[in-house]
Amino acid sequence: MTEPRLHRQLPIALAIVLTVTLGAQDAAAQLDEITVTAERREASIQDVPVAVSAYNEELLENFQIQETLDLINVVPNLFGGNNTGLGTANMYYIRGQGNDESIATFDPPVGTYIDGIYVSRQNANNFALFDVDRIEVLRGPQGTLFGRNTTGGAFNMILRKPSETQSGFAEVQVGRFNERMFRGTIDLPASDNVLTKFSAFYIENDGWLENRNPAVGGDFNEKDALGLRADVRVLAGDDIVWDLAIDYIDDTEGNVLGQIDGDERVSTSILPNGLPAGGLFGFVAPQPVAFTSKGADYGNQVESINVASNLGFPVAGGDAEFIVGYRSMEQKFLINFPQPPNDDFFWIDNDGQHDQLTAELKWNAQFADGNVDFVGGVFILDEDNETDFADYLFGAFVLADRVLDNTTQSWAIYGQADIGIGERGTLTIGARYTDEEKEIGLSDNLPALGRAPEDQLTTAALISAGVPTSQDEQIVTPRIAYAHDFRDGLMGYVSATRGFKSGGWNARGSAPTAFQPFGPETLWAYEAGIRGDFLNDTLRINATAFLTDLEDLQTTSATPSGAFLTTNAGGLDATGLEIEATWVPSANWDVFFAAGFQNVEYTDLPSGCVTPNTDFAAFDINCNVADPKRSPDLTYTLGTTVSIPLASMGATLQPTALMRYIGDNVVGTRQLGENDAEVIVNAGVALIDDDGQWRLTAECNNCSDEEYTTSFLFTPYWTPPMTWSLRFRWNYGGR
């Protein structure tokens, strides 16, 4: 198998760059300090014994990160893409751990947090970014400080708070597929003690999937998104700060798929005309059943209202935060899943209402003359989900039409202490106790099918079939680490951390016996890392070696018959190395490099695989052990930004290029959806006013229009095609 040419030439290019510049460092060049909250308190990224990547506003701009999914281009060992059918939902895989199901009885192992508030549902985690202070991506389990469902890692997004001065920005963008975008924010302090901020974004495009069905017309996978946000910061004196925010987001974006025809992505689906009165392709329903539409148009729409409150105050010699979050989300979608040569093999019609309330009381303090840093707290989660959804085969067979109710109540108590050992050592000891209870209930929308009561999708039928309708779990997730400062600017650490991911049910089943539960995953992860600044603080290298041992793996499989199965089957072992390097050889030149090396394998798999295999997710069709999904052995990113002063214009020209290499990988169960190695290139050039008042940027994303598979469900799902954009930003008030 031949490797991409850019991959073969990279070592030569790096050697040339090093030879030319290593001996001629610019005394004015210096790395910026990056502050993170990876340990639930502010600290320099170079001082925390955690594998964390952090990106401030400038890096987000330079790396073309406009939504959270774009982070897959820069984070080591992070692989991701949209869920099949849903452009608002992202599946993230870190160190081999991830989840590609968005239904509410499946929890992702990569958690998402916005200003410290947990986002439980994967259905709408592809956030458009506006007025973000920074994003932190924590790799590996975060079970002590962040809790359940962070065995793979966590995305921690910190939004910019209202300013004490009137300021803001406005930004417009146009691009391929008739894209139009606006983002803006304004800080309007009401008084010295009451600060306000108002932000908005709007994104629209015509879609990138060409529809060739003459009865339908138009293009698919269009985006139409609106977001509004209001923030208030109250400075009550004596270190009392109250941050209150509310936002509304309406996001319409599908990820439906057709087929590849030459260089075009095309579809022939009839579904955009709505659910048909009869069957397609000559099929006739076995019984006359009227389709009961959930009210969704073709595609996917999510509306959400989110409220966040964070009250910070001093207490008992430390600083406390009382963090409350409420999220209410409604999702409607009507989408098709092709199985060539038909683009209308399998349909889902969905109307879901998802509500969650979280509350956390967190306390930070120092003891023993500053030799002990402590963080601890209590956390509660109350989540309610109601999903009304139907599955259709060939537009004729109603596989199931039911209403699923599921709830989660969880509480936890946690604490972690960083204890100084000698002059340069720090011992970290922490643990979290979690108690969670889940319940599930069903009601059948189609009793008219004449099925016996024990065959209908009802709670009573589940109980009759021996399916438990509740799960209760108590678990302790400890962490221990030791960090040592070898000198100023050079730290190393070792750690052991435990984490767990919640259990659930096979809620896509079309019969009561299919709603079998699966239990939690648990794992231990071991890390050894180094954080160092070199060459007079112009070169930063952070490296982490890891080993994870996961038990009771939740393996999800879609069988050729259309059934979806998830069981606890075996384990997953991962070993690897992650490297991030930032180099500023001169004040006008930045070089960024990130690499992930990993070996991920299934272990302790069950027996009983029979050729040809159609059921066991961790084996291929010949019952050979398959490669774990979305776990390439090698990924790396090489990026550079150069600033070229244009004195006569009072501006700076800033070209940027970013190359992402993704090694061979498989994205589906049973070795389905294999990818050869790929190189993705993003590039742009910006003209920036030297006074910081405006910026004009031209960019391309996936510049060479590469096609690689991000999912496999009956057929491959590809990355979106090449896009280009032209963007203008205006800053005011010293922003």
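Please verify whether T575 is among the polar types (S, T, N, Q), free of Cβ contacts under 8 Å to residues at least 40 places away in the same chain, out of contact with any Pro (no Cβ under 9 Å at 6 or more places or on another chain) and part of a loop (DSSP other than H, G, I, E, B), treating the condition exactly as stated.
no
Only one of N149, N123, N82 is modelled with pLDDT under 90, crowded, with 24+ Cβ neighbours inside 10 Å, closer than 30 Å to W347 by Cβ and over 10 Å from the mean Cα position of the chain (by Cα). Can you tell me which? Let's see the steps before the verdict.
Working: N149 fails: modelled with pLDDT under 90; N82 fails: over 10 Å from the mean Cα position of the chain (by Cα).
Of N149, N123, N82, the one residue that is modelled with pLDDT under 90, crowded, with 24+ Cβ neighbours inside 10 Å, closer than 30 Å to W347 by Cβ and over 10 Å from the mean Cα position of the chain (by Cα) is N123.
From the list S102, S53, S44, exactly one residue is in contact with a helix residue (DSSP H, G or I) (Cβ under 9 Å, 6 or more places away or on another chain) and of a type in the set (G, A, S). Which is it?
The match here is S53.
Only one residue in R660, R729, R670 is more than 30 Å from D573 (Cβ to Cβ) and touching a residue at least 40 places away in the same chain (Cβ under 8 Å), so which one is that?
Selected residue: R729, the only one of R660, R729, R670 that is more than 30 Å from D573 (Cβ to Cβ) and touching a residue at least 40 places away in the same chain (Cβ under 8 Å).
Look at D131 and say whether it is under 24 Å from V302 (Cα atoms) and over 18 Å from the mean Cα position of the chain (by Cα).
Taking the combined requirement at face value, the residue satisfies it.
Regarding R670, is this residue among the basic types (K, R), under 30 Å from P612 (Cβ atoms), touching an Asp or Glu at 6+ places or on another chain (Cβ under 8 Å) and surrounded by 20 or more Cβ atoms within 10 Å (Cβ to Cβ)?
Yes.
I'm trying to understand the selection: among the residues of region 585-614, which are outside any loop (DSSP other than H, G, I, E, B) and more than 14 Å from S631 (Cβ to Cβ)?
Hits for region 585-614 are P585, S586, W589, D590, V591, F592, F593, A594, A595.
Which of the following residues is of a type in the set (S, T, N, Q), surrounded by fewer than 16 Cβ atoms within 10 Å (Cβ to Cβ) and in contact (Cβ under 8 Å) with a residue 40 or more places away in the chain: T637, T641, T603, T614? Outline the logic, then answer.
Numbers: T637 fails: surrounded by fewer than 16 Cβ atoms within 10 Å (Cβ to Cβ); T641 fails: surrounded by fewer than 16 Cβ atoms within 10 Å (Cβ to Cβ); T603 fails: in contact (Cβ under 8 Å) with a residue 40 or more places away in the chain.
It is T614.
Does D369 satisfy the condition of being buried (at least 17 other Cβ atoms within 10 Å of the Cβ) and either part of a strand (DSSP E or B) or among the acidic types (D, E) (or both)?
Numbers: buried (at least 17 other Cβ atoms within 10 Å of the Cβ): no; either part of a strand (DSSP E or B) or among the acidic types (D, E) (or both): yes.
No, not satisfied.
Looking at region 55-75, which of its residues are hydrophobic (A, V, I, L, M, F, W, C) and either in a loop (DSSP other than H, G, I, E, B) or at pLDDT 95 or above (or both)?
Correct list: F63, I65, V74, V75.
Give region 532-547 a look and list any residue that's at positive phi and either among the polar types (S, T, N, Q) or touching a Phe, Trp or Tyr at 6+ places or on another chain (Cβ under 9 Å) (or both), or say none.
If the condition is that a residue be at positive phi and either among the polar types (S, T, N, Q) or touching a Phe, Trp or Tyr at 6+ places or on another chain (Cβ under 9 Å) (or both), then L535, N536 are the ones that fit.
Quickly run through region 93-111 and pick out the residues that are in contact (Cβ under 8 Å) with a residue 60 or more places away in the chain and closer than 11 Å to F79 by Cα.
Result: Y93, R95, G96, Q97, G98.
Take residues that are not hydrophobic (A, V, I, L, M, F, W, C) and tell me which of the strands (runs of 3 or more DSSP E) falling wholly in region 653-735 contain 3 or more.
Working: elements: 678-689, 694-701, 709-712, 716-718, 723-732.
Once the strands (runs of 3 or more DSSP E) in region 653-735 are filtered for at least 3 residues that are not hydrophobic (A, V, I, L, M, F, W, C), what remains is 678-689, 694-701, 709-712, 723-732.
Pick from I621, I530: which is more than 25 Å from the chain's Cα centre (by Cα), surrounded by fewer than 17 Cβ atoms within 10 Å (Cβ to Cβ) and in a strand (DSSP E or B)? Reasoning before the result, please.
Numbers: I621 fails: in a strand (DSSP E or B).
Within the list I621, I530, the selection yields I530.
So how many residues does region 300-343 have that are over 30 Å from V234 (Cβ atoms) and either at pLDDT below 90 or β-branched (V, I, T) (or both)? Let's see the steps before the verdict.
Looking only at region 300-343, we keep the residues that are over 30 Å from V234 (Cβ atoms), and these are 300-302, 330-343.
Those left that are additionally either at pLDDT below 90 or β-branched (V, I, T) (or both): 302, 335-343.
Residues that pass the stated criteria total 10.
Determine, yes or no, whether G111 is crowded, with 24+ Cβ neighbours inside 10 Å, at pLDDT below 90 and among the small types (G, A, S).
Details: crowded, with 24+ Cβ neighbours inside 10 Å: yes; at pLDDT below 90: no; among the small types (G, A, S): yes.
For G111, the condition - crowded, with 24+ Cβ neighbours inside 10 Å, at pLDDT below 90 and among the small types (G, A, S) - is not met.
Residues in region 309-337 that are of a type in the set (A, V, I, L, M), in contact with a Phe, Trp or Tyr (Cβ under 8 Å, 6 or more places away or on another chain) and part of a strand (DSSP E or B): how many?
Count: 5.
Name the one entry in T555, T566 that is surrounded by 21 or more Cβ atoms within 10 Å (Cβ to Cβ), under 14 Å from Q97 (Cα atoms) and either modelled with pLDDT under 95 or hydroxyl-bearing (S, T, Y) (or both).
On inspection, the qualifying residue turns out to be T555.
So the check is Cβ under 7 Å with 6+ separation or different chains; which pairs have a first residue in region 246-265 that's within 24 Å of R229 (Cβ to Cβ) and a second one that's part of a loop (DSSP other than H, G, I, E, B) and not charged (D, E, K, R)?
D251/A124
Results for (1) crowded, with 18+ Cβ neighbours inside 10 Å; (2) in a strand (DSSP E or B); (3) among the basic types (K, R), shown as yes or no for each residue.
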| position | (1), (2), (3) |
| --- | --- |
| K197 | yes, yes, yes |
| F201 | yes, yes, no |
| V216 | no, no, no |
| D224 | no, yes, no |
| R229 | yes, yes, yes |
| A245 | yes, yes, no |
| I249 | yes, yes, no |
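Would you check which residues across region 638-658 are within 21 Å of I94 (Cβ to Cβ) and of a type outside the set (G, A, S) and list them?
Result: L638, L658.
Applying the selection to region 432-467, what residues are loosely packed, with under 15 Cβ neighbours inside 10 Å, part of a loop (DSSP other than H, G, I, E, B) and not aliphatic (A, V, I, L, M)?
G450, R451, G466
Answer with yes or no whether E67 is out of contact with any helix residue (DSSP H, G or I) (no Cβ under 9 Å at 6 or more places or on another chain) and surrounded by fewer than 22 Cβ atoms within 10 Å (Cβ to Cβ).
Values: out of contact with any helix residue (DSSP H, G or I) (no Cβ under 9 Å at 6 or more places or on another chain): yes; surrounded by fewer than 22 Cβ atoms within 10 Å (Cβ to Cβ): yes.
In short, yes.
Does V256 meet the test of being within 29 Å of N702 (Cβ to Cβ), under 27 Å from the mean Cα position of the chain (by Cα), at pLDDT 85 or above and not small (G, A, S)?
Criteria met by V256.
Taking T112 as meeting all but one of (1) in a loop (DSSP other than H, G, I, E, B); (2) farther than 26 Å from F515 by Cβ, write down the number of the exception.
(1)
Of everything in region 564-586, what is in contact with a Gly (Cβ under 9 Å, 6 or more places away or on another chain) and of a type in the set (A, V, I, L, M)? Give them in sequence order.
L565, L572, A574, L577, I579
Answer yes if at least one residue in region 325-333 is out of contact with any Lys or Arg (no Cβ under 7 Å at 6 or more places or on another chain) and among the aliphatic types (A, V, I, L, M), and no otherwise.
No.
Taking the condition of being farther than 18 Å from R508 by Cβ, touching a residue at least 40 places away in the same chain (Cβ under 8 Å) and either outside any strand (DSSP E or B) or charged (D, E, K, R) (or both), how many residues in region 342-365 meet it?
Selection size over region 342-365: 4.
The values are calculated or read from the model by the stated rules, or taken from the named source; none is laboratory data. It should be emphasised that the depicted structure is a prediction, and the values quoted were computed from it without experimental measurement. Cβ coordinates were reconstructed from backbone atoms using ideal geometry, including for glycine residues, and neighbour counts include every protein chain displayed.
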